[in-house]
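Scroll down for the structure; my scribbles are underneath it.
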Amino acid sequence: MDFILQGTAQALELLFSGDPETYSAVAATLTVSSYAMATSLAMGIPLGFALGHLDFAGKRQVRLVVDTLLSLPTVFIGLLVYALVSRQGPLGEMGLLFTLPGIAIGQTILALPIVIALTATAIENTDAGLRTTLLSLGAGRRHLVTATLWEARHAILAAALTAYGRVMTEVGISMMVGGNIKWHTRTITTAIALETGKGKFATGIALGLVLLAIAFGVNAGVSFLRRK
């Protein structure tokens, strides 16, 4: 128990002293998660809306595939992206291996099914009479889309929050695609795994506290938006 207390005290010291190695991992994590979330939300919300709102042939099969992708292992995504961006892969000339954009690609693949599936569920659970009411009032297609999305805004925010939590805490993609390179591609989760394996519990605890602080900040922001 003593080493945990000592590690926590040293972790707080690292955070308040502005330890550059610790904050380098924090900056890398925020960068790749921001890229991944921006891309997955930009793609996932329209696709989720279409999946939940439209009726088309094969919809049930598409939904089954999307729901299956929710449990896609991060190490498999890391392997897939590694194969794509390695020198022998089709995207090898872009130099994405062991870079933050390369990690962001993998995290986008991880977050996208979550956003699509939960957005589709949110749209399906909106009031059944909303579409009829809007059409009877003369609403066009654009107004129909925006009004439906606004009605489901809380559930879509929850979908974004769920995807963000999954992205922030993954290890496999960051380790395999990023390579855990110090000062470059080392993220919070890969740094925690590395430093704990080396017996440096203070750094691991410090980064864990930062991860909790980020999660708290995101949840507080979503709660504020819901109240507004």
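The values are calculated or read from the model by the stated rules, or taken from the named source; none is laboratory data. Everything numeric here is computed off the predicted structure, so don't read it as measured data. Heads up, the Cβs are rebuilt from the backbone with ideal geometry, glycines too, and the neighbour counts pull from every protein chain shown. These accessible areas exclude ligands, DNA and RNA; they are computed on the full protein's heavy atoms, side chains included. Shrake-Rupley method; radii C 1.70, N 1.55, O 1.52, S 1.80 Å.
Some points to look at:
- Helices (runs of 4 or more DSSP H) within the stretch 1-107 that include 2 or more residues more than 30 Å from T203 (Cα to Cα) and small (G, A, S): 20-53
- The listed residue being under 15 Å from the mean Cα position of the chain (by Cα), open to solvent by 70 Å² or more (accessible area, probe 1.4 Å) and modelled with pLDDT of 90 or more, out of M94, M37, M43: M43
- Considering the conditions (1) crowded, with 22+ Cβ neighbours inside 10 Å; (2) farther than 16 Å from T31 by Cβ; (3) out of contact with any Gly (no Cβ under 7 Å at 6 or more places or on another chain), A220 is excluded by exactly one of them, (1).
- Filtered residue count, the stretch 187-209, keeping only those that are assigned to a helix (DSSP H, G or I), without any contact (Cβ under 8 Å) to a residue 12 or more places away in the chain and closer than 13 Å to Q6 by Cα: 0
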